[in-house]
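Have a look at the structure below before the remarks.
Only the coordinates and a few stated rules stand behind these numbers; no lab work does. Please read all numbers here as calculations on a predicted model, not as lab measurements. Every residue, glycine as well, gets a Cβ built from its backbone with ideal geometry; the counts of neighbours run over all protein chains shown.
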Amino acid sequence: MLSPPATAGRLRREFRTITLQDLTREVVHAYDANDLLTFASAIAFRVLFAFIPFALFAFGLLGVFGLTGVWRHDVAPDLAHAVSPQA
């Protein structure tokens with residue numbers, strides 16, 4: 001394995017020789033070859049749908065630890081503006 005300064009020097013030399021057009025072509029090719037956009041959208045989808053169970057878990061912890069005052073004074077007033085008056 002090369003030491004970090006030697007690796008950095010090699011990368012610096014290669015970066016000086018590559019044109020912007022070649023760099024762009026390489027990046028686009030790497031995106032296609034590794035199917036990066038598909039994986040990024042899958043991660044975003046999972047994070048979005050994991051937020052709901054996490055929020056329910058956090059609200060459950062408020063109840064378990066007897067922190068109903070946090071709900072009543074901090075969380076509920078902020079949510080009241082975002083939901084219908086009947087809720």
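Between the beta carbons of residue 52 and residue 15, assuming R0 = 35 Å, the FRET efficiency works out to 0.20 to the nearest 0.05.
A helix-only calculation puts the chain at -24000 deg cm²/dmol for mean residue ellipticity at 222 nm, using -39500 (n - 2.57) for each DSSP H run of at least four residues, averaged over all residues. Here r is the Cβ-Cβ distance between residue 38 and residue 68 and R0 is 41 Å; the resulting FRET efficiency, rounded to 0.05, is 0.40. Note that the chain carries a Kirkwood radius of 18.5 Å, evaluated over its alpha carbons pair by pair.
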